[in-house]
Amino acid sequence: MQKFSISIFIIFFCSFGVNAQSPKFSLQDFYSYNSELEYTVDSIYNTLSDRQKVAQMIITSGGEIGKPHTTIKKLVTQNAVGGVVFLKGSKKQHTEDIIALNKLSIANKSLPLLYSMDAEPSLFASRIKGARDVGKTIDIKTEQRSDEVVTAINQELREIGVHHNYAPVLDISPNNEAIKSRSYGNTKETVVRLANHFIKCTQQGGIIATAKHFPGHGLVKGDTHKQSVYIDGPMQEVDNYKKIIEDGVLSIMVAHITIKNNKEYDTNGIPSSCSRKIVTSLLKEKMGFKGVIISDALNIMKAVTILDNAPLLASKAGCDLILMPQDEVKTINTILAEMKTNASYKRQVIQSIKKVLRLKVCSGVI
């Protein structure tokens, strides 16, 4: 069986790999039923061990302020990650790191990695040092300017080998200390119009877009990097996501925002990213989002590091991708252990893994 699995993997990697010239599927296929796509995803899933399957949900960090490259290489050889988000660094270094990791994945007979970046307009220059300055998100006022910005960002990401952009921000108001110029403005209409255009252009260009920070980080006080932050009462920014979901955004990032004084969606003191009420009941069931849900970073943000086993809580809440857990191997072990005793959770994890594999296939990763 292992020999068969390796053979199948090599076929998929060569046919649909990162550098494939004619990928069989595209991002536009993700939400459509396609029997061949279903078969492809199931075939890949069935070649993986339980550990390799759960690893598809884990995104570690690279770049100058991420984990050392030697650590990432070790995680790849341990089949402990499904992707890497690249933080601050030069284009040359990011490119070299991705090439090296792709070679290692082949040598290790691991599935190719999903590479991502926080390439919002306002953060772009800091993520890729030396890249063209595209200005701040708050300064984008027209669809034409948005197209110019997205074209520049997509080109840089493709040249480096990045598939997934954690952008755009749907938060209202540039006045929140964590958002500032990362917002499109202080009205829902402006934010939704320009963010939706950014998403469509990004995904038409072959890069996965991510709407964030659900359920809303603009109309709150504080920064989840530094402390617990609360939505007190109604969630005023949730409606921003309705049109975005209808029009096909492929991923949504859930913030570490705690909800209080809300009869239906009070999170009882835990962040939204770890709350099943928010991730599953609201985003998946009520709002009908069928794409990939990613947690916000779980390694340094004070609003979530105060919790015991936050990565497992985020997964149980319904997150498909677990972003930057402090300990990737421990996270996999805790998820596997929970799956053994919780049948409904096991079914949920299987769905998450297949969604991630589907995203990898449709983006040309595998």
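The values are calculated or read from the model by the stated rules, or taken from the named source; none is laboratory data. The shown structure was predicted, so the numbers you read here are calculated from the model rather than taken from an experiment. Every residue, glycine as well, gets a Cβ built from its backbone with ideal geometry; the counts of neighbours run over all protein chains shown. Note: areas computed on protein heavy atoms with side chains; ligands, DNA, RNA excluded. Shrake-Rupley method; radii C 1.70, N 1.55, O 1.52, S 1.80 Å.
If the condition is being in contact (Cβ under 8 Å) with a residue 40 or more places away in the chain and either open to solvent by 10 Å² or more (accessible area, probe 1.4 Å) or of a type in the set (A, V, I, L, M, F, W, C) (or both), then the range 329-338 contributes V329, I332, I335, L336. Within the range 36-66, the set of residues being more than 21 Å from K24 (Cα to Cα), in a helix (DSSP H, G or I) and open to solvent by less than 50 Å² (accessible area, probe 1.4 Å) comprises Q52, K53, V54, A55. Helices (runs of 4 or more DSSP H) fully within the range 279-366 that include at least 1 residues being closer than 20 Å to V84 by Cα and of a type in the set (K, R): 328-341, 343-362. Given the structure, is I353 open to solvent by less than 20 Å² (accessible area, probe 1.4 Å), within 17 Å of the chain's Cα centre (by Cα), modelled with pLDDT of 95 or more and of a type outside the set (G, A, S)? Judged against the criteria, I353 is a match. Identification of helices (runs of 4 or more DSSP H) wholly contained in the range 82-194 with 3 or more residues that are under 30 Å from T47 (Cα atoms) yields 91-107, 143-160. Just so you know, in the range 8-65 the residues that are among the charged types (D, E, K, R) and at pLDDT 95 or above include one that is farthest from G89 (Cα to Cα), and it is E36.
Based on what the data block shows, is Y33 touching a residue at least 60 places away in the same chain (Cβ under 8 Å) and either open to solvent by 20 Å² or more (accessible area, probe 1.4 Å) or out of contact with any helix residue (DSSP H, G or I) (no Cβ under 9 Å at 6 or more places or on another chain) (or both)? Judged against the criteria, Y33 is not a match.
Scanning the range 67-82 for residues that are at pLDDT 95 or above, in contact with a Gly (Cβ under 7 Å, 6 or more places away or on another chain), open to solvent by 20 Å² or more (accessible area, probe 1.4 Å) and under 30 Å from L170 (Cα atoms) turns up nothing. Taking the condition surrounded by 23 or more Cβ atoms within 10 Å (Cβ to Cβ), touching a strand residue (DSSP E or B) at 6+ places or on another chain (Cβ under 7 Å) and at pLDDT below 95, does L321 pass? Spelling it out, it is not the case that L321 is surrounded by 23 or more Cβ atoms within 10 Å (Cβ to Cβ), touching a strand residue (DSSP E or B) at 6+ places or on another chain (Cβ under 7 Å) and at pLDDT below 95. Screening E264 on (1) in a loop (DSSP other than H, G, I, E, B); (2) under 25 Å from K242 (Cα atoms); (3) open to solvent by 10 Å² or more (accessible area, probe 1.4 Å); (4) in contact (Cβ under 8 Å) with a residue 24 or more places away in the chain shows it passes everything except condition (4).
Picking from residues in the range 83-116 that are more than 18 Å from L48 (Cα to Cα) and charged (D, E, K, R), the one that is surrounded by the most Cβ atoms within 10 Å (Cβ to Cβ) is D97. Here I257, I294, I306 are screened, and the one residue that is buried (at least 24 other Cβ atoms within 10 Å of the Cβ), of a type in the set (A, V, I, L, M) and more than 20 Å from I172 (Cα to Cα) is I294.
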